[in-house]
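Report on one structure; see the data block that follows.
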Amino acid sequence: MGTFIQLVVDGLSTGSIYAALALAIVLVNQATGLINFAQGGMAVLSAYLAWWFLGTGVPLILAIIISMVLSFVIGAAIERGLMRRFEGGEPDTAVVATIGLLTLITGFCGLIWSYNNHQMPSLFPLDTVNVAGAALSVRSIGTIVAIVAIMLLLQLLLMGTKFGLALRAVSINPQSAALSGLPVGRLLMAGWGIAAALGAVAGALVAPSLTLTPGMMDNALVYALAAVILGGLSSPLGVVVAAWIIGVLENLAAVYVGFIGHDLKIAVPFILIFVVLVVRPQGLFGRKSVVRV
Amino acid sequence: MSNTTRKTNTGAIAIANAEGITKRPWFTPVVIAVVAVVILALPLMLPELANQTLARVVVFAVAVLGLNVVMGYTGQVSLGQIFFLGLGAYVTAYGEEQGWHIVITFLLSMIIPGLVGLLIALPAARLGGLAIAMVTIALPIIGLPLAKRMGDFTGGSQGISASFGQAPDWTGLYKDQWQLYVVLIIGAAAFLLTRNLVRGKYGRAFAIVKGNENVAKSMGISPYNYKVLAFTVASIIGGLSGFLYMFVVEYTSPETMAFHHSITLLAAMVIGGAGSIVGSVIGGAYYVFVPQLTNAINPNATALLQGIILLVVLFVLPGGVVTLPRLIKRLTRRRGGGSRPGAPGAAPPPAVPTGPEGAAGLAKPTASTPSSSSTTASSDEGGASTRPPSDGTTPER
């Protein structure tokens, strides 16, 4: 029983990291209708920035905040300088552009900071607390709490503020939004900036357990995309719940299902997607969109 | 949304125009003759290393061709093509190890990836938009540990090698020459079959699905069925490229289907030219040569340079390198006219194209209202309310 609880809490914790990345993907998608495959790469860059500031003697929490602010600027700059060229065009081209961006950012991190592993300290102490016979790490619990807070903030931002309303309006119909006087360009930049800052949180949370490498987010990106498919693109809450389900299920499968084990547990969200797509094509929480010809 | 579809269709017009040029009566026979002579002569004259490199170009050109079927022609982003190459290579290696007849191995190297592709496409194509991209990105990432795990078939991390490219005695050829000839013949057959597929009935259906799924539905074309079909065909061609890969490289390991290879393959397709047969060949050349080049400049900067190349091509030549002649032509014709490089909606070429696709390219504006045709031809901004003119005319092609 103790092992089970521990697996569930650890699963929720890793699921929370995927959730942060997935929320960033949902945010960009809600604003631009595009899936940003570079989101993982941008999170890696943010983690490297935090690590680099840490090396200059800045305290960890401050380093992470600085990297979040910088990531916001970088995200907005990428939207303005690069992605705006492709927005409103063929979605294929825009997606390929984000894939090019992923390659570029990964390559940039590799060139500047080398492809070797770096150790990033954790934001949370390495202590454990004992709950019902399970030794739960403070890191796991802290990660979960952090993500819940961010999710609530984001939900509030998107659903409860004028800014969120404007963002959603831009995503639904950029032309109408522009005609009603919304600054579409600035909103898109803000959407990308917030998404990048969210990715920075994911990067800071994931780097300690994975060690910092340019490709560390590749797997997390797959999990995040799986969470996005399962949760439905329109629901931040659904995406987080889906990411948690994935995190818990893969942790349980890795231990209790012999064939899967630790190296193949990335197949779990994939299998889950297949089951869900067959049963419920619009995702667990997504609304079915009705299209008129 | 209508903005999106309109741009897609002007892109289609541009592609149709490019193919119009190649459809001039003298063009095809001359090209075929020249290419045939060069291809027959080259393997005999080139040094061994050049032959091996060329053979690898053909291998990856076939892989890019498969990706083009699903992505260039049907508009479904796939990040998993390298998985099917790896699968085909493993099937080939296993068949050789078991001593199966080469024809059976050859067929299985296409059938098994085709079936796997079908199984993946059946659920993935149910979700619209970018779901196939989001699902297929997992293929290389799962494929790598899976290949390590299934060591009985794959040789685990060490990989598996098989050598069956020796030239038969009657040919009197060296191994590298024989390999290149075989790869060229099989590759040419694959290109010819695919060309016929994408120019025929199914290709037109693919184009309509790519252009506007709702229009396709209203015409009785099931986007779902055609997406599944395109993905399956792409998997089969991917498996074939895996067979050729094994024939030429003679060794495969889980590393063959690593994630970054998948991205490079996609970049190769886009840089060569999406939705273009010639672009697939250029893509194959990109896949083989550019990493070598960037490695030579600075091995640590390889990924960075590749990302920059991809983004620059998307900026300047959204249609890929294959559209470079058209861009040069347009720039020289409209010098100082403030033309935007890469803006879709290229003016029709001066000569009247004789081929069916060129004719379709010309027919599109006339079939629509005058206002919408002028928007299509002159700018890529605004004009969101105009119907995509080609949707109505595409079936007439």
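The values are calculated or read from the model by the stated rules, or taken from the named source; none is laboratory data. Here the structure is a predicted model, which means the values were calculated and not measured. Neighbour counts run over all protein chains shown; Cβ positions are idealised from the backbone, glycine included. All accessible areas refer to the heavy atoms of the entire protein, side chains included, with ligands and DNA or RNA removed. Shrake-Rupley method; radii C 1.70, N 1.55, O 1.52, S 1.80 Å.
Tally time: how many residues in the range B:210-227 are open to solvent by 50 Å² or more (accessible area, probe 1.4 Å), within 11 Å of chain A (Cβ to nearest Cβ) and more than 23 Å from the chain's Cα centre (by Cα)?
3
Checking B:L65 against (1) closer than 13 Å to B:A230 by Cβ; (2) within 14 Å of chain A (Cβ to nearest Cβ), which single condition isn't satisfied?
(2)
Give, as residue ranges, the helices (runs of 4 or more DSSP H) completely inside the range B:125-212 that count at least 1 residues that are over 24 Å from B:L244 (Cβ atoms) and in contact with a helix residue (DSSP H, G or I) (Cβ under 7 Å, 6 or more places away or on another chain).
B:131-136, B:138-149, B:201-211
Taking the condition of being assigned by the TED database to the domain that holds B:G143, open to solvent by 20 Å² or more (accessible area, probe 1.4 Å) and part of a loop (DSSP other than H, G, I, E, B), how many residues in the range B:45-100 meet it?
Number satisfying all stated conditions: 3.
Looking only at the range B:254-268, decide whether some residue is under 23 Å from B:I120 (Cβ atoms), modelled with pLDDT under 90 and away from every other protein chain (no Cβ under 14 Å).
yes
Looking only at the range B:122-143, which residues are of a type in the set (V, I, T) and within 7 Å of chain A (Cβ to nearest Cβ)?
B:V135, B:I137, B:I141, B:I142, listed by residue number.
Is there a residue being within 12 Å of the chain's Cα centre (by Cα) and either part of a loop (DSSP other than H, G, I, E, B) or of a type in the set (A, V, I, L, M, F, W, C) (or both) anywhere in the range B:235-250?
Yes, the range B:235-250 contains a residue that is within 12 Å of the chain's Cα centre (by Cα) and either part of a loop (DSSP other than H, G, I, E, B) or of a type in the set (A, V, I, L, M, F, W, C) (or both).
Restricting attention to the range B:250-266, does a residue exist that is open to solvent by 30 Å² or more (accessible area, probe 1.4 Å) and of a type in the set (A, V, I, L, M, F, W, C)?
No.
For (1) surrounded by 23 or more Cβ atoms within 10 Å (Cβ to Cβ); (2) modelled with pLDDT of 90 or more; (3) more than 15 Å from A:N29 (Cβ to Cβ), each residue gets a yes or a no:
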position	(1), (2), (3)
A:N219	no, no, yes
A:A224	yes, yes, no
A:V228	yes, no, no
A:G231	yes, no, no
A:S235	no, no, no
A:G238	no, no, no
A:A242	yes, yes, no
A:G247	yes, yes, yes
A:A253	no, no, yes
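When you check B:V313 against the structure, is it surrounded by fewer than 22 Cβ atoms within 10 Å (Cβ to Cβ) and within 24 Å of A:L101 (Cβ to Cβ), yes or no?
Against the criterion (surrounded by fewer than 22 Cβ atoms within 10 Å (Cβ to Cβ) and within 24 Å of A:L101 (Cβ to Cβ)), B:V313 does not qualify.
Could you check how many residues of the range B:272-310 are surrounded by 19 or more Cβ atoms within 10 Å (Cβ to Cβ), of a type in the set (A, V, I, L, M, F, W, C) and at the interface with chain A (Cβ under 10 Å from one of its Cβ atoms)?
6
List, please: which pairs have Cβ atoms under 6 Å, are six or more places apart or on different chains, and start with a residue in the range B:42-68 that is farther than 15 Å from B:V249 by Cβ and end with one that is surrounded by fewer than 21 Cβ atoms within 10 Å (Cβ to Cβ)?
Going by the 6 Å Cβ cut-off, the qualifying pairs are B:P43/B:Q177; B:P43/B:Y181.
Quick one: in the range A:169-183, of everything that is open to solvent by 50 Å² or more (accessible area, probe 1.4 Å) and in a helix (DSSP H, G or I), which residue is nearest to the other protein chains (Cβ to nearest Cβ)?
The qualifying residue nearest to the other protein chains (Cβ to nearest Cβ) is A:Q175.
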